[in-house]
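Novice: Structure below; questions to follow.
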Amino acid sequence: MKNSSSEQMTLTDVISVAELLTSSLQPLLRRIDVTLQKELRGILTKIENLRQDISKVHADDIADNRIPEVGKELSEVVKATESATNSIMNAAETVLAAEDKPEKDYRKLVNDQMMAVFEACSFQDITGQRITKVVDTVEVIEERINILCEMMDAHAGKAAPVLTEAEKSKEKQLLHGPTSGGASQSDIDALF
């Protein structure tokens, strides 16, 4: 520090410079503070909106109710199909094993066993209803996943993918499933 009095700053001068510096920086700091607050509020709003959007998807319902129900329905379809198959096989084996019976007894046996086969075929109606429930649940899950993806894309500023005609056709085939040209439900109902 120099000893000349003209080059020395007094405490009053230091305070004046500090006040000047503080007063000139305050508008800048306020703008930074306001901008930061706006950005944080914007982020908070986006998080809250996303949270609300996700709650609309009802993910808990899917995990807690729909997926376990789908598993139960499919298990019942397997059981009904297995039971029907066993009944049909037993009827066929009974008929094949009885070919040495007198004609009258054999006809009665064949008629009885054919009725057992027709009754066993009624599983199709029940399994059809169960599979319809499964398909409905899968469609609900797909819809909710699509909603979630759309929300995520909207929040990220992305456009949803556009499907080609081939993809649309493939999706349509998946939704309607294969057709085997077998008996319709009305054909089976007519037998009873």
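The values are calculated or read from the model by the stated rules, or taken from the named source; none is laboratory data. What you are looking at is a predicted structure, and each value in this text was computed from that prediction instead of being measured. Note that each Cβ is placed from the backbone with ideal geometry, even for glycine, and that neighbours are counted across all protein chains shown.
Novice: In segment 80-104, which residues are among the charged types (D, E, K, R) and under 22 Å from Asp125 (Cα atoms)?
Specialist: Within segment 80-104, Glu82 is the sole residue that qualifies.
Novice: Quick one: in segment 55-76, of everything that is part of a helix (DSSP H, G or I) and among the hydrophobic types (A, V, I, L, M, F, W, C), which residue is modelled with the highest pLDDT?
Specialist: In this case the residue turns out to be Leu74.
Novice: Does segment 130-140 include one or more residues that are of a type in the set (D, E, K, R), crowded, with 16+ Cβ neighbours inside 10 Å, on the phi < 0 side of the Ramachandran plot and part of a helix (DSSP H, G or I)?
Specialist: Taking every residue of segment 130-140 in turn, at least one turns out to be of a type in the set (D, E, K, R), crowded, with 16+ Cβ neighbours inside 10 Å, on the phi < 0 side of the Ramachandran plot and part of a helix (DSSP H, G or I).
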